[in-house]
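Peer 1: Handing you a structure now.
The values are calculated or read from the model by the stated rules, or taken from the named source; none is laboratory data. Computed from a prediction, not measured in an experiment: that's the story for all the values here. Please note: Cβ atoms are built from the backbone with ideal geometry, for glycine as well, and neighbour counts cover all protein chains shown. Ligands, DNA and RNA are excluded from the accessible area calculation, which covers all protein heavy atoms including side chains. Shrake-Rupley method; radii C 1.70, N 1.55, O 1.52, S 1.80 Å.
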Amino acid sequence: MAEFRKTELFTDVDGRARFREHTIALDQGTPQARLSALFASGGYQLRHSPPGFRSDFHCTTTPQWVFILSGCMQIGLQDGSSRLFKAGEHFHSADTLPEGSAFDAAVHGHWSRQVGDEPLVTLFVRS
């Protein structure tokens, strides 16, 4: 059976953002066109970030898929690690503020930045 790899940015039990991997079964459709189950979505939004863009540490307000359409995006975590996502790559951003917590920029969230000379164009799809 074919599978789809889902990279997820999530909030761990200690309130810190981390990455993890999941697989989604492509168990529907035909042998020539394998499909996953249909997932609900809550709309989409496009973003253009010029060279030099970098956010502060923040949490995602609503979990969403992030698809890199062009350019390169770096996601940085509180532990100093980071990952690069290039055009054609994606991740699911579910790094939300733990319920009942006040945002602490030394503990919570992640930052993002545009990398290189090409503007960063992203598609956000609410999940």
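Peer 1: Efficiency by 1/(1 + (r/R0)^6): what FRET value for TYR44 and ASP14, r their Cβ-Cβ distance, R0 = 30 Å, to the nearest 0.05?
Peer 2: With R0 = 30 Å, the Cβ-Cβ based efficiency is 0.45.
Peer 1: Can you find, among SER49, HIS110, LEU97, the residue farthest towards the positive end of the dipole of the stretch 9-114? Put +1 on the C-beta of Lys and Arg, -1 on that of Asp and Glu.
Peer 2: The Cα lying farthest towards the positive end belongs to SER49.
Peer 1: With the crude spin-label approximation of a point 7 Å out along Cα→Cβ, what separation in nm comes out for SER127 versus LEU69?
Peer 2: In this crude spin-label approximation the distance works out to 2.1 nm.
Peer 1: Sorting check: for 50-61, 26-37, 8-19, which peptide has the highest mean count of neighbouring beta carbons within 10 Å, and how do the rest follow?
Peer 2: 8-19, 50-61, 26-37
Peer 1: Okay, moving on. Express the relative contact order of the stretch 1-99 as a whole percentage, based on alpha carbon pairs under 8 Å and six or more residues apart in sequence.
Peer 2: 31 percent
Peer 1: Still on this structure, please answer the following. Compute the normalised compactness of the chain: alpha-carbon radius of gyration over 2.2 N^0.38 Å, N being the residue count.
Peer 2: Taking N as the residue count of the chain, the ratio is 1.13.
Peer 1: Turning to a different aspect of this structure: Could you give the accessible area per residue of the chain, probe 1.4 Å, as a whole number in Å²?
Peer 2: Using a 1.4 Å probe on heavy atoms only, each residue of the chain averages 59 Å².
Peer 1: Treat each spin label as a single point 7 Å out from the Cα along the C-beta direction, and report the THR23 to GLU89 distance in nm.
Peer 2: 2.1 nm
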